[in-house]
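The values are calculated or read from the model by the stated rules, or taken from the named source; none is laboratory data. Predicted, not measured: the structure shown is a model, and the values here were computed from it. Positions of Cβ are generated from backbone atoms using ideal geometry, with glycine treated the same way; all protein chains shown enter the neighbour counts.
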Amino acid sequence: MRRTPAKPPAPSSRELERRFDFRSLFEFSSIINSSTDLTFILGHLLLTIMGKLMALRGIVVLGSEENGFRIQNVRGLKPDL
């Protein structure tokens, strides 16, 4: 008599969520590592964080030796803050 192999249990919703998070992280790191353009990297980082937080506005501010800080990237706000 032949036995059919047992099917593995269906993944739980937590497991599916974890797989999705790893896939998103892999995709994010692939995009970030594909460029050396700081503006592109910071823009993608800003949009990713805004998407996770469901924010409508965001800003990337970097330290500057002359003025203390400078605006590097803006979304949803006037660029001439």
Hits in the range 32-45 (condition: more than 18 Å from Gln72 (Cβ to Cβ) and surrounded by 11 or more Cβ atoms within 10 Å (Cβ to Cβ)):
Ser34
Taking the stated definitions as given, is Arg18 of a type in the set (Lys, Arg) and either at pLDDT below 75 or surrounded by 11 or more Cβ atoms within 10 Å (Cβ to Cβ) (or both)?
yes
Note on the range 59-80: residues touching a strand residue (DSSP E or B) at 6+ places or on another chain (Cβ under 6 Å), among the polar types (S, T, N, Q) and either surrounded by 12 or more Cβ atoms within 10 Å (Cβ to Cβ) or assigned to a loop (DSSP other than H, G, I, E, B) (or both) are Gln72, Asn73
Which condition number in (1) surrounded by 11 or more Cβ atoms within 10 Å (Cβ to Cβ); (2) over 25 Å from Arg23 (Cβ atoms); (3) at pLDDT 90 or above is the one that Leu56 fails?
(1)
